[in-house]
Every structure is written in C-alpha cells, then in structure tokens.
Amino acid sequence: MNPLLDIDARTDLGAIEPGHVRSGIPALLDGQRRALAALCDAPTPTWALVADLDRASARLAAASSAVAVHRMTLDAPDLEAAWDDVFADIEAASSELWSDARLLSALERLDTSGLTEEERRHIHWSTQSLRCNGAGLAPADRERLVAIDSALAAQTLAWSRAVQADTLAWHLDVTDESTLSGLPGPLLDGARQRAEAAGCEGWRFALDAPTYRGILQSAEDPQLRETLWRAWCRRGAESNPERIRRIVLLRRERAALLGFAGYTDLVTHDRMAGNAETVESFLGSLTQHARAFMESEDAQLEAAEGRTLSPWDVAYASQRLKRSEHAIDDAKLQPWFPLPHVLDGVFTIARRLFGVEVVASPGGGWASDVRSYSLVDEDGEQIGRFHLDLHPRAGKRAGAWMSGIASGCVSAPLAIVCGNMTSPTRDAPALLTHREVVTLLHEFGHLLHFLLSRSPTRLLWGTAVPRDFVELPSQLMEEWAWTPEGLQLLSAHVETGEPLQTSEIQALLGTRSFRAGAAMMRQLSFATLDIALHEDWEPDDDLLAFANAVDAGFTTWPKPAEHAMVCSFGHLFSHPTGYAGGYYVYKWAEVLSVDAFGAFAEAGIFDATTGRRFRTEVLQRGNTVDVLDQFVAFRGREPSLEPLLARLG
C-alpha cells in the first residue's frame, strides 16, 4: 500500500519510496480536482462540498509534507528525482485551485446563514485567499499570476538546493591540534569521528550550525574563526544573486497585479500589522530604542579586548566578556543539559502547564536517530503523534523547524521537530548548549500549537494563523529556559544527575540582558533588509553591496564586501512566500510573548489555571477566532510594547 495516500499519526514516514511519490501524488491531485469540480459545478453549493475539498487538499498537503521530511533531512537523490517529476504538477494545481474564479463564485453563492461561526470563518478566509491569488482578476492577469507562482516555486527550489550543495561540499581538515585550542570537547569528539569516518587524520569540521557556532564562540585561533565565518557567509554566493533578483521581481509583479502598492503591503494586509507603513514604524521605533544599547555594549566589548574587532571576533570576544562579567562559559554548561533529561524537562513543563503527557511511541521514523512520541490528554485520549530529528546529518537543511505533517481535520495529527543541535558521541549523550535548549522549547511551542488545535478544517488548523501571531506560542515557551524553576527541571549533570546550582542559575539568568541591544539590532537588521529588498532595492544594482549597506546601519563592525549572508537567507528565499516581507514577525510576536508571559509571572510560572487558559484561548483555537481576540481572551487586554522595552533596559 502507498503510505502517501492516507497520511496520519500512524504512518511510517520511513517507508516512503520514490515510486510512492510518482504514483501517490497524481492520485491525490486527481482527488483534489474531483472535489473542486463537485463544488464548482453544484447548482447550490453546500458546506459539505466545501469540507470535502478541504479534506482532499489536506490529504495532498500531508503527502507533500511527508515527502519533504526526506528531502529536508536526508541526502536522498532518488526521492529528490521523484519529487522533481511531480513538483510542477503540485505547484500548478495549487495555483489553479487558489486562483479559480469558479471556486470564488461558488463560495460567494453559498448560503452561510445556517453555518457555525467557524465554518463562516473558513468561507471568509477562503474567499480572501482566492482574491489574493487572483481569482477576481481578468483571465489574462489570472493566467499571468499562475505563471508567476510557478516561476517562484522553481526559483526558490533552485535557490535552496544551491545553499544545500555549498553546505555539503565544504569541509575543513585539521591535523595541527594547536590550532584547535579553546574548542569544547563534544565538538572535537564529533570532528574526530567525522575524520575517522572519512579515513582522514586529525579532525574534520563540517559547515553545520553547531560546528559554526562552536568555533566562532570558542576557537582561540582567529584564522580558524575567520575561515569558518567566511565559508558560512559565502553559501549560495556564486549562483543565488541572480535567483534573488528574479524572485524579488516576481514578487513585486505579483503584488502589482493584485493591486497592492508593494510586496510588503500584500503580505501584511491580513495580518495584525495590516500594512507596510505599520511594519516600518514598528521596526523604526525598536531600532531607535535599541541603537544606544548596542553602541554602549560594543564600546564595552572593544574596550575589554583592547583592539578593533573583525566580524569573526565578535562571538569569541562576547564569550570572553560574558565569562568575565557573569562567570559563565556556555560550553562548560553543556554537561548540565544532556538531551534525554532536557526532553524530560520540556515534557514536564508541557504536562504541568497544559495537561498533556508525552509517551514514547517507537516506529515511523526515517533515520536511526529519530525519536517518536505520542501526545496524550489528561483523560488518556491520544491527541496526536510527533517525531524528533534533532542532529545534523549529510543532506539536512540548516536550522531548526517544526513541520505539521497531517492536520487533525482528517485523523489524529502528526508533526515533526527538526534541528541541527549538538550530536551525541560514542561515549556520551548529546550535551546541549543553553541556546539549543531555548531552541528546543521554541519548536516545541510550535508543535503544541499544531497538535492541540481543535479547528474543523485544515485551512484554520493550528499554526495556520497570521505569521505575526504564529511565533507567540513558540517564543512564550522559551521563557521557561530563563526561570530558576524551569532550569531546575531542564538541567541534570550528565555524570552526577545534579541540577544547576542556585549560583549557576543566577549567573545564567544574568546573561539574558548581556548584549541584548546588539542581539535586538541583529534581528532588526534582518527585518529591515527584508523590507528594503522587496521595496527599495533596484535589482540591477549590486545585491551584496546593497545588503551590506543595510547591515552597516545596524552594526559597529561592517562586513567585508564579499559578505553574502543574503544569499543563504532561507527565511526570505527558500520558499515562494516564507517569511518574505514578514521577517518583522519575530519581533512583533516577541511583544506578544513577553506580555503573555507576564500572566504566568503574576500567577506563578507553573500555574495550571493560567496554562489551561492559554491552551483553551490560544493553542486550541487555530485561526477559528481573530488572533487579537485570542490574545485579549487570554491576557484580559490588548498587547503592550512596554514589557519588551522594560526587558531591554
């Protein structure tokens, strides 16, 4: 049986083969077309026909997401080739569905008087999405929009493959141990094992995130730091500038066809921000507030080092200053965060706050180090299932992410959390950095938002909320890694089992505001670059020069001319939409999350009543209720910027 035809919580994702893709995807596309035709051709459209189309679309989306698990986490050329065979058909079907004037007409003719509030909201969001995908345009313009979407899909796929190819192709072999001074043991152990596997002497370093961060923060040899920094920042630099030019032009043309002044207006019109002007004002206000903090912090850092810094020196110098001021060394904290215990702590936090149990549920993984679990409610009912794939491997996309595979409108939901966190060695479990603990909590927040949803349709399910709200649950969960009570749960020394001591916890908590101005300015630089590229950049101008000029307004240490981070900026260019025109959402949602955490701080950070209220008013709602109303229902008022500004200082 082809597993792609009926993806649910029980599906063995490891059983997916190229032949399943080539036969299953066409069958699911056909099912969606039949459901679409039934609705559009009905003399009197009904909710039952709308629900049939949503379920058919949900099955297709689940199959595509299941295939993406392999494509994004494995080096699987045969399956990638099978995906290439069906990719154009999937993109064409999606564009045709959401630009179908007949579907728009059917939904507008549907009598909504007898529908529930959630069903009416589904109709509202469907018609809005159809209009934003050209269903209301003249036929020629609609045809052009479909062509634009197809081109965007092809360009962003090629863009992603270029970054992945550059990442996989690079490695650094080191035989002189003196150049490795300062590097933490787990990083060296992993590099030694990588060299042994390749039949090399010494140590082999790859271009994965834990290696990159570990060397930038810990290597005493500045040349080693510079080598990694330059390699990381040049991924995609040879082929992606032209792709970015095409992507930006296509996005602008898309916005113009739909009647918007710019791409950011198109992206934000149905979000909390509402328009580009609000986003620019929001970013400008935060930048003005954070700049003085960054300048003071950077002056302190250079004074402590007694020299002018280069970009590849900043993380290393910051760690030195942190150790001096707070007696904290990130690498030396890792033995207190063995992954098995951290996971136990994360699961305990979820149980105490939201009344859910996590139970090991072996099977269904696609690699030997994937771990599988069921999420179970207080009454023993299974809510859904998820897989954790947390360590780097050849072919895996950089970063960390949660992916909802199957929404619960068809069956029990299924999701995955992927990352590139510190790997275990032959002799020890994975010892996480505190930053990785924060990341794990972040992605688990997304996971709960997806699995706990009670929405009736895929369109409104779980994380299918406006992008400037979707980061609220994830950023809220991070807060427990910054509390004494949370750290007591999350930490246990790998040898003694003892949690972090009170003095160590207080020292760690003291680092939260360490260089907070610089960290905020970094995020603001990304959000500002996003807007600038889509609104202001002249695509005939040099991309790297433009991007580095924007960046220069947010940092004390300008990057060299060959700096090409923009060419691997996956949030903007790895997907036809992604976070393009919307990177601001991370700071916007931080306003929400810091304010929302205040409710827990006031009632007690493990207060079950507050946790259950957040589950009921936010995690379970999906997009069935306006997101501002969700926040107000939980917090009792509209969000305020003041808690975030107070945290900065």
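Screening the chain for DSSP H helices whose Cα atoms reach 30 Å or more along their own axis and whose mean Kyte hydropathy is at least -1.0 gives 18-41, 47-73, 77-98, 139-169, 276-305.
Largest first, the extents of the alpha carbon coordinates of segment 414-473 on the three principal axes equal 47, 23, 14 Å. For chymotrypsin sites (Phe, Trp or Tyr not before Pro), the sites in segment 104-203 that DSSP calls loop and that have at most 16 other Cβ atoms within 10 Å are W170.
Placing dummy labels 7 Å off each Cα toward the beta-carbon, the span from S281 to S113 is 4.1 nm. Just report the Cα centroid separation between segment 251-298 and segment 507-524, whole Å. Here the two parts' Cα centres lie 23 Å apart. Alpha-carbon geometry of segment 84-132: the Rg and the Dmax are 13.4, 44 Å, given in that order.
The GluC sites (Glu not before Pro) of segment 448-495 meeting both criteria, a DSSP state outside H, G, I, E and B (loop) and at most 10 other C-beta atoms within 10 angstrom of the site's C-beta, are E495.
The share of alpha-carbon pairs in segment 311-386 lying farther apart than 17 Å comes to 63%.
Computed over protein heavy atoms with a 1.4 Å probe, the carbon and sulfur contribution to the accessible area of the chain reaches 50%.
Based on protein heavy atoms only, the chain ends up with 39 Å² per residue of surface accessible to a 1.4 Å probe. Charged side chains reduced to their Cβ positions (Lys and Arg at +1, Asp and Glu at -1) give the chain a dipole of some 480 debye around its Cα centre. For semi-axes √(5λ) of the Cα gyration tensor in Å, the candidate list reads [x] 39, 28, 27; [y] 67, 34, 21; [z] 46, 31, 26; the entry that matches the value derived from this model is [x]. Both radii come from the Cα set of segment 326-467: Rg as radius of gyration, Rh as Kirkwood radius; their ratio Rg/Rh reads 0.98.
Modelled this way, with points 7 Å down the Cα-to-C-beta line, the labels at R454 and T308 are 6.2 nm from one another.
Between the C-alpha center of segment 59-75 and that of segment 572-649 there is a gap of 29 Å.
Normalised by the number of residues in the chain, the mean separation of alpha-carbon contacts (under 8 Å, six or more apart) gives a relative contact order of 17 percent. In a fully extended conformation the segment linking S129 and Q382 would gain 87.8 nm over its present Cα-Cα distance, using 0.36 nm per residue.
Sorting the Cα pairs of segment 242-352 by distance into bins of 10 Å, from 0 upward, gives 11, 19, 18, 27, 22, 2 percent per bin. Helical runs (DSSP H, four residues minimum) scored at -39500 (n - 2.57) apiece and divided by the length of the chain put the mean residue ellipticity at 222 nm at -18500 deg cm²/dmol.
Between segment 459-489 and segment 370-387, the alpha-carbon centres lie 19 Å apart.
Extent along the principal axes, Cα only, for segment 512-569: 41, 23, 19 Å, with the longest axis given first.
Which of L207, L258, T278 sits closest to the plus end of the dipole of segment 148-292, meaning its Cα is farthest towards the positive end, when Lys and Arg get +1 and Asp and Glu get -1 on the C-beta? So the residue we want is L258.
The values are calculated or read from the model by the stated rules, or taken from the named source; none is laboratory data. For clarity, every value in this text was computed on a predicted model and none was experimentally measured. When we count neighbours, we look across all protein chains shown, and the Cβ atoms used for this are built from the backbone with ideal geometry, even at glycine. Ligands, DNA and RNA are stripped out before the accessible areas are found, and what is left, the full protein with its side chains, is counted by its heavy atoms. Shrake-Rupley method; radii C 1.70, N 1.55, O 1.52, S 1.80 Å.
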